[in-house]
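K.L.:
Below you'll find the structure I mean.
The values are calculated or read from the model by the stated rules, or taken from the named source; none is laboratory data. Because the structure is predicted, anything quoted here is derived from the model rather than measured. All Cβ positions, glycine included, derive from the backbone under ideal geometry; neighbour counts span all protein chains shown. Calculation scope for accessible area: heavy atoms of the full protein, side chains included, ligands and nucleic acids excluded. Shrake-Rupley method; radii C 1.70, N 1.55, O 1.52, S 1.80 Å.
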Amino acid sequence: MGATFTVLPTPAEGRQDLPAVPWDALPQEALAKIFRYLQDWDRCQASLACKAWHRVFRMACLWRSRSFVFPGSEMQQVCYDGFLREHGQHLQHVILDFEFQNNAALQCFKSFVTTANESAAFLSIKVRHLCFEDLPKRWSTYRAKSFQAFVARANKCAAFQSIKVRHLCFSYLPNRWSTYRPKMVRALCLLLKRQPMLQEADFCLCQFTHNEGLQVLKALTGDLRLKPRRNITTLSLREFFEAPTHYISLSTFTEVMGRFTALAFLRVDQHYLCEDVLDKLITGCAQTLRHLDIVMNARVVHAIDSHTWRLAVQRCPSLTVTVRLEIPYTFEEYSRVLVESMPLTRVFLWGRRWRGNIAFADVARFLGYVSDIFFNTIEVVGVSDNRCLTLDDEAEGYLEVDKAVFNLIETCVRLKQLFLCIPLKPETLDKLSRVLAARPQNEMKRLEVTVVDKERNTKYIEEKWPTLRALSFDDFLSTIFKFF
């Protein structure tokens, strides 16, 4: 290949004659790193430049992770078939996203299953939006059968390290189609039982019945013949049971949770976590349990008392807790679920429109309680109103928020991150900027305050208040999920 590039000198080197380096002289590792940043079309075009680049294009490291969205277009179906034939043997981490609910999408999935059956080298699989809402019978029937066919093929590969199942919803499946529901649950359980290398399992919005959920959990922990028992280290049960199952039989759930002996991370809804469940966890996973992520999205059903939390910290000294509140609580409810002996390091109040809007008074109560009770342990605090609040409403409530924010910063000695996705007045931003500027900037005292304001441009905020970090709402969402 005749094209060349020239290495520009640094200022210290001065301008001197430097040799022109041919592009094909770049090592394959460097080219592969560049190719990772390219979209598929750009990769294809680059691979036509020369044989060296085409060899890089076919390197397995570029095709190990893949997301397949099923929009139902014929062109997309052809692309997926071609991709699987060309690179299917390199795939290890797969995401199946059923974003569109139509017949064309199911036909695309059918072709995908047929072609994917030729490759069984996946290490992880994620299934998203596999639900039955408002689907005609023939589509739901086919989706169930296709899912079973895909799982049957995946069962021949016992190398999965993680599995994520999202939106596997049966809530809208009519009774006359109920025969497909147990078949899909059995297929999923069979897949879990045949994966001895499985370490991470994430179930979000699956909404199983009580018995179905217990079957899935038992499949995760059941003994395997002629194979070593696998150790699940990461488990997420986010809206694992369907809504009416909030009052699940905690005795049987406790017994099943006691089967996990190597958990390091557990995300669970608060109404699944009672004193008996926590006791089972800290007994069976005393040497491994490091973090509990608790989602509170319903009114308090039961709470764990201070003594149980104190015992948990004694058995697991490195245990930390994250709490994500999706509805505001009263002071009495906070005092029940957020007790002083809880090793709380991260907490977030996330207003959800469908769960009821939050007010400035709710934000002030939340921040005030956190600063009063967890001033020695809390490291990350976040508040989001989901764009519900306006500065025209509740002026008195806003003054309470203003006081609570600065009391939190002054009181919490270990606070490192503060996320404020609520409308703030310029006077508050001025004061925040001054407080941060006067704060010692060593590692022990460093504090980053992130603000999200729908009325002001992020660039304007960072120019006017340089000590603050400003994000758009979309960037805020992608950032906050790293912490919560």
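K.L.:
Hey, any hits in the range 329-337 for a residue that's free of Cβ contacts under 8 Å to residues at least 40 places away in the same chain, open to solvent by less than 10 Å² (accessible area, probe 1.4 Å) and in contact with a Leu (Cβ under 8 Å, 6 or more places away or on another chain)?
P.N.:
no
K.L.:
Of everything in the range 361-379 that's farther than 15 Å from VAL413 by Cα and hydrophobic (A, V, I, L, M, F, W, C), which residue is surrounded by the fewest Cβ atoms within 10 Å (Cβ to Cβ)?
P.N.:
Restricting to residues being farther than 15 Å from VAL413 by Cα and hydrophobic (A, V, I, L, M, F, W, C), the top hit is ALA361.
K.L.:
Taking SER478 as the residue in question, decide whether it is among the hydroxyl-bearing types (Ser, Thr, Tyr), modelled with pLDDT of 80 or more and open to solvent by less than 100 Å² (accessible area, probe 1.4 Å). So that I can check it myself, show each step before the final result.
P.N.:
On the way: among the hydroxyl-bearing types (Ser, Thr, Tyr): yes; modelled with pLDDT of 80 or more: no; open to solvent by less than 100 Å² (accessible area, probe 1.4 Å): yes.
No, not satisfied.
K.L.:
To continue, here is another question. So, LEU217, is that one closer than 19 Å to VAL165 by Cα, outside any loop (DSSP other than H, G, I, E, B), at pLDDT 85 or above and touching a helix residue (DSSP H, G or I) at 6+ places or on another chain (Cβ under 7 Å) or not? Even if it seems obvious, please write down each step before you answer.
P.N.:
Working: closer than 19 Å to VAL165 by Cα: yes; outside any loop (DSSP other than H, G, I, E, B): yes; at pLDDT 85 or above: yes; touching a helix residue (DSSP H, G or I) at 6+ places or on another chain (Cβ under 7 Å): yes.
Yes, satisfied.
K.L.:
Considering THR308, THR288, which residue is closer than 27 Å to ARG365 by Cα and modelled with pLDDT of 90 or more?
P.N.:
Numbers: THR288 fails: closer than 27 Å to ARG365 by Cα.
Of the residues listed, the single one that is closer than 27 Å to ARG365 by Cα and modelled with pLDDT of 90 or more is THR308.
K.L.:
Looking at the range 249-279, which of its residues are open to solvent by 10 Å² or more (accessible area, probe 1.4 Å) and either of a type in the set (Ser, Thr, Tyr) or closer than 25 Å to LEU198 by Cβ (or both)?
P.N.:
Matches in the range 249-279: SER249, SER251, THR252, THR254, GLU255, GLY258, ARG259, THR261, ALA262, ALA264, PHE265, ARG267.
K.L.:
Still on this structure: Show the residue pairs meeting these rules: Cβ distance below 7 Å; 6+ apart or different chains; first residue within the range 450-475 and of a type outside the set (Ser, Thr, Tyr); second residue at pLDDT below 85 and open to solvent by 50 Å² or more (accessible area, probe 1.4 Å).
P.N.:
LYS454/ARG387; PHE473/LYS454
K.L.:
Quick test of your reading of the structure: LEU292 fulfils all but one of (1) closer than 26 Å to ILE480 by Cα; (2) open to solvent by 10 Å² or more (accessible area, probe 1.4 Å). Name the failing condition by number.
P.N.:
It fails just one condition, (2).
K.L.:
Sticking with this structure for a sec: Residues being in a loop (DSSP other than H, G, I, E, B), open to solvent by 20 Å² or more (accessible area, probe 1.4 Å), among the aliphatic types (A, V, I, L, M) and modelled with pLDDT of 85 or more: count how many of those fall in the range 380-423.
P.N.:
Counting residues in the range 380-423 that are in a loop (DSSP other than H, G, I, E, B), open to solvent by 20 Å² or more (accessible area, probe 1.4 Å), among the aliphatic types (A, V, I, L, M) and modelled with pLDDT of 85 or more gives 1.
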